[in-house]
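Reviewing the structure listed below.
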Amino acid sequence: MIAVRTEPVPSKGERRPAARRPMTLLAAVLFFAGPALAFAAGDRAVEIENRRLPEFPALSRGWDAVPEVEAWATAHLPLRRHAVRGNAALSEFLFGEAPSYGTADASGYPRVIEGREGWLYFGDDVTEACRPRRPVGETLDRLRRLAGIVRGSGRRFVFTVAPDKTTVSPDRLPERFPGRDCLRERKREFWAALRAANLPGYVDLRLPLERAQRESGTPAYWRTDSHWNERSAGLYGAELARVLQPGLSRDTRLVKDGRAPRNGDLGGLLGIPVEETVDRWRLVRDGVRRVRQDDRELPVSFGAVNASDRAPLFRSRTLLIGDSFTRNSLPWVLPYFADVTYLRDDAPATMGPDRVADKVARSETVVLEIVERHLVGGRAEMLDDAVLAALERAL
C-alpha cells in the first residue's frame, strides 16, 4: 500500500506558503550574492588575524590544494570582518561571552585565550606548541646552519627571539584551557634547548624583559594585544644597540609621552574591539634625523638612511629581518642605524627566496628576530630549505 500525504487546506486567515517565497528568495540572494556585491562596491578583505592573508595555492597540486583553496576563499571573503563582529556581538548578547573560534589548522584550540582581569592571550602560542611542524632540535640546527652561512661569508649575524606573552606574562592565564599542558612542556623544552645550543650571535631578550617587568611592577606586554608594549620595544632597541656597538646608546633617552586609548589585536580576533588605556613612550636620540627612505618594496621591505651630529650611529650596512614584533618596534629600533633595510619575515613567500638572499648579499650585518611561537612550532619561513639553499648559492 502506498501512503498518500495530504496537505491541509489553509483557512481564510492563513498566509499561503507561496506568499513566503519572495522573502525566502531575497534572503538567498543576499546570502550568496552579498559578498560579490560588496566586492563590486569596493569592500576588500583585511588582515583581521595576526598573520597575513594567505596566497592563492598552486592548483597543480590537484586535490591536495582543495583545503587551502577553501581557507583562501574564507580569508578573502568580502564582509568577513563584519560577519565576525556580528557573530561576536550576538554571542555577547545571548551568552554574555565572546564566541570561541578554533584555529585554522588545529580544531579544538582557542584562537584567543581569555585570562583573568581582562587579559587576552594569542591562541597560536598553544597551537604551535601542541601541533609542531618540526622537533625543537631540528629548528635549532637550521638556525645554526643559517648563522653559519651568513658568518661564513664574512658578514656579522645577530639573532634574537621575541618571547611569547604566555612566557613573559603568564600570571593572568586561566587555570585551565585546551593545550595548557603541552604548551608548558614544549616551552620548557625549547628554552632549555636554546640555552644549551649556544648559538653564535644570539641575543637574549627574555631575561631583560622579565627583569624590567619585575623591577617596574608593570607588565611588559599589553593586556589586549599579543605584542610587547612600547617600553619593551624601547628595551628591544637598546639591547640590540648594546650588542652591536659599545656606546651606541649614548645620548639616547626613552621618554614617557602620556597615556592614550588603544585597541589590541586580540580583541579584533574575538570580533569585539577591546580598548585599554596604555602608556606611550618615545625614543629620543639627540641629533639623529632621517635623510632618505626607499619605499618601493613596501609593505614587505623598505630602506632608511639616518644622519646624526651627536648620538652615534651603527655604520655597518644592516639588514633587519623580523616579524610583527620587529614591525611594531621600528620607531624604537631604526634610529640606531645609519643605513638599514627592513625585511618582513614572510618575504620568502611574497618575493621569493632568491630575492631574500640578494638582500642578505647586499648587507654587511644581518639582524634576525623570530617570535618564540614560530620556533616552538618549527614554522619560521627564514629556516625553510629553499631559503637556506638560496643563501648558500648567493653567499
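Evaluate E = 1/(1 + (r/R0)^6) for D171 and E138, where r is the Cβ-Cβ distance and R0 equals 35 Å; express this FRET efficiency to the nearest 0.05. Plugging the Cβ-Cβ distance into 1/(1 + (r/R0)^6) gives 0.65. When a 1.4 Å probe is rolled over the protein heavy atoms, the share of accessible surface on segment 230-332 that falls to carbon and sulfur comes to 47 percent.
Taking packing as the residue-averaged number of other Cβ atoms within 10 angstrom, the listed peptides 226-234, 249-257 run from highest to lowest as 226-234, 249-257.
Taking R0 as 35 Å, what's the FRET efficiency between R393 and Q245 from their Cβ-Cβ distance, rounded to 0.05? Kindly include the intermediate steps, with their values, before the conclusion.
Working: r = 31 Å, r/R0 = 0.88.
Between R393 and Q245 the formula returns 0.70.
Using a probe of 1.4 Å on the protein chains alone, the accessible area found for M351 is around 50 Å².
Taking a ≥ b ≥ c as the square roots of the eigenvalues of the Cα gyration tensor, segment 152-307 is oblate, since a/c reaches 1.5 or more and a/b is not larger than b/c. Remark: the Cα gyration tensor places segment 185-270 in the oblate category, a/c being 1.5 or greater and a/b not exceeding b/c. Once the 1.4 Å probe is applied to the protein heavy atoms, segment 314-380 comes out at 27 Å² accessible per residue. On full extension, the segment bounded by E275 and R195 gains 25.1 nm, given 0.36 nm per residue less the C-alpha separation. In terms of its C-alpha gyration tensor, segment 322-375 has an oblate overall shape, because the principal axis ratio a/c (a ≥ b ≥ c, square roots of the eigenvalues) is not below 1.5 and a/b does not outweigh b/c. Of the residues S301, G287, V333, the one whose Cα sits farthest towards the positive end of the charge dipole of segment 271-354 is G287 (charges of +1 on Lys and Arg Cβ, -1 on Asp and Glu Cβ, taken about the Cα centre).
Packing-based ranking of 387-394, 151-158 yields 387-394, 151-158, ordered from highest to lowest mean Cβ neighbour count within 10 Å.
The values are calculated or read from the model by the stated rules, or taken from the named source; none is laboratory data. Here the structure is a predicted model, which is why all the values come from computation and not from measurement. A quick note on method: Cβ atoms are made from the backbone with ideal geometry, for glycine too, and the neighbour counts reach across all protein chains shown. In case anyone asks, the SASA skips ligands and DNA or RNA and just uses the protein heavy atoms, side chains included. Shrake-Rupley method; radii C 1.70, N 1.55, O 1.52, S 1.80 Å.
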